[in-house]
1. What do you reckon, is S382 surrounded by fewer than 17 Cβ atoms within 10 Å (Cβ to Cβ) and modelled with pLDDT of 85 or more?
2. Run K261 past the list (1) more than 23 Å from the chain's Cα centre (by Cα); (2) at pLDDT 90 or above; (3) open to solvent by less than 40 Å² (accessible area, probe 1.4 Å) and report the number of the one that doesn't hold.
3. Name every residue in the stretch 242-258 that is of a type in the set (K, R) and open to solvent by 40 Å² or more (accessible area, probe 1.4 Å), in order of residue number.
4. Among the listed residues A146, A175, identify the single one that is closer than 14 Å to R50 by Cβ, open to solvent by less than 10 Å² (accessible area, probe 1.4 Å), out of contact with any strand residue (DSSP E or B) (no Cβ under 8 Å at 6 or more places or on another chain) and not polar (S, T, N, Q).
5. Name the residue, out of A166, A184, A154, that is touching a Lys or Arg at 6+ places or on another chain (Cβ under 6 Å) and under 24 Å from E375 (Cα atoms).
6. Which residues, counting only those in the stretch 309-341, are touching a helix residue (DSSP H, G or I) at 6+ places or on another chain (Cβ under 8 Å) and at pLDDT below 80?
7. Filter the stretch 29-53 down to residues that are open to solvent by 70 Å² or more (accessible area, probe 1.4 Å) and not in a strand (DSSP E or B) and give me whichever is modelled with the lowest pLDDT.
8. Select from the stretch 64-113 the residues that are in contact (Cβ under 8 Å) with a residue 40 or more places away in the chain, open to solvent by less than 20 Å² (accessible area, probe 1.4 Å) and in a loop (DSSP other than H, G, I, E, B) and list them in ascending order.
Amino acid sequence: MLNIVKSNRFFCNSSLVLYLPCLRRYSSTRRSTIFALSSGTSRSAISVIRISGPNSVDVISKMTKLNKERIIPRKALLRKIVDPNNGELLDNGLVLWFPQPHSFTGEDSVELHVHGGIAVVSSIINALQKLPGFRIAEAGEFTKRAYLAGKLDATEVEGLADLLRAETETQRRQAIRQATGELAVLYNEWRTSILTCMAHLEAYVDFGEDQDIGHEVLSSLQHSIQSLKSEVGSHLNDNRRGERLRNGVRVAIIGEPNVGKSSLINILSRRNVAIVSPYAGTTRDILEISLDIGGYPIVLCDTAGLRHSVDPVENEGLRRAREAASTADLVIIVMDASTGPLQLSTKEMARLECERLNLSFSKSHTELCANPMQEAPLITSSRQRHHVQVAFKHLEKFLDIIEQQGDLALAGEQLRRSAKQIGSITARGKIDTEEMLDVLFRSFCIGKKSYKNVMNYKSHSSEIKRREKSEKEWR
């Protein structure tokens, strides 16, 4: 059995991103050198094998017999690739060396560009396993190391995963914007704005009298948070168009039996994917087809014809058809033109047909998908949406406290929690005290003699915990 391993360069499970802040504690000194086939496993002209880790350069010295001093970074060299144990020639290929930190993973990395035959790739993979300290990479481990080295943040990891999964042009455009950090820039700007307001609030509380910081600071930061809240709210009120573009627009085709639903899906997909017959009840289960229509991802769902039936199997199909209609982003109702009330408007015909088929009817119309070429970056995952929603609620609580002239310590804690949630989107949830001090000194030119007073900000935590017991009125 040929030993060929392909390592995905992204986290397949998006929930893993939730734990990314903890991964940076991983010590680079204990890392082994990993390798995997980075290109496809199918037979091809060229295959790329990636090696990353502290001993990567050993591949060049032991498998290409090239002296380390002669290696030129990022320059392709044509070399004979041999077995490190017996010197057997395995292939002729290109060798590239990427010294740290100028590599995808931030570590010393080597790439072998070899012929794509299955036997060739297998022999090189087996040879790499013979080197001490080398092992096959786990799924997503290259991207994990890139994150740990600070080469990618959490949103860029998600964007890279989406880019590799993209099947349409608009999906690619959205993914490449996120993978190159455009979404992270937006969230980092929000986080910086909140940290600035936190510093202003802290200065007002601790240095208001000594440093001549007046009440206008409080009103100014209230206005700043109100503006930020509006921006965050607009970002949330996107009708999930970014997520829908990422996952595909679900379109359910609904109607009575034998009105042409299966024929329609065959026409749209340009192939015979559904059985068409003159007999009612041919389609019983949900038939899903993924299409690229104008660069947008569409998931078409053919359903059972809606009618009254005593057949339990057909009734299950009818239940699934109604469920597909209720969860779809768009419903196409197919009617028999020879029997429909053609004198009515299209919307009125659709409403009457929904009532007759016992389906819900919505008069509202919204854009289903984002347009990456014309819009700011949008939320693309439920993880991002969760953190933004929680951050928004903390901003609301802050404004409530300020408007009702409540405890400023509790108000500051709401800002801290909001900044933490925004930071968690890019896996920068922790707020560094030095980061706060930089903003504080820069904004108000507070002298170093006041440094100890600023550090008392930490001691507020115990007092805040006591006051949080009475915080229910703000929740």
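The values are calculated or read from the model by the stated rules, or taken from the named source; none is laboratory data. It should be emphasised that the depicted structure is a prediction, and the values quoted were computed from it without experimental measurement. Ideal geometry is used to build each Cβ from the backbone, glycine not excepted, and the neighbour counts take in all protein chains shown. All accessible areas refer to the heavy atoms of the entire protein, side chains included, with ligands and DNA or RNA removed. Shrake-Rupley method; radii C 1.70, N 1.55, O 1.52, S 1.80 Å.
1. The answer is yes for S382.
2. K261 satisfies all of (1) more than 23 Å from the chain's Cα centre (by Cα); (2) at pLDDT 90 or above; (3) open to solvent by less than 40 Å² (accessible area, probe 1.4 Å) except (2).
3. In the first step, residues of the stretch 242-258 are kept if they are of a type in the set (K, R); the result is 244, 246, 250.
R246, R250, listed by residue number.
4. On the way: A175 fails: closer than 14 Å to R50 by Cβ.
Testing whether each residue is closer than 14 Å to R50 by Cβ, open to solvent by less than 10 Å² (accessible area, probe 1.4 Å), out of contact with any strand residue (DSSP E or B) (no Cβ under 8 Å at 6 or more places or on another chain) and not polar (S, T, N, Q) leaves just A146.
5. Values: A184 fails: touching a Lys or Arg at 6+ places or on another chain (Cβ under 6 Å); A154 fails: touching a Lys or Arg at 6+ places or on another chain (Cβ under 6 Å).
None of the other options fit; the residue is A166.
6. At the first step, the residues of the stretch 309-341 found to be touching a helix residue (DSSP H, G or I) at 6+ places or on another chain (Cβ under 8 Å) are 309, 329, 331-335, 340-341.
Across the stretch 309-341, the qualifying residues are S309, G340, P341.
7. Within the stretch 29-53, the subset open to solvent by 70 Å² or more (accessible area, probe 1.4 Å) is 29-30, 41-43, 45-46.
With not in a strand (DSSP E or B) added as a condition, the list becomes 29-30, 41-43.
Values: T29: 42, R30: 60, T41: 74, S42: 74, R43: 79.
Of everything passing the filter in the stretch 29-53, T29 is modelled with the lowest pLDDT.
8. Within the stretch 64-113, D83, S103, T105, G106, E107 meet the criteria.
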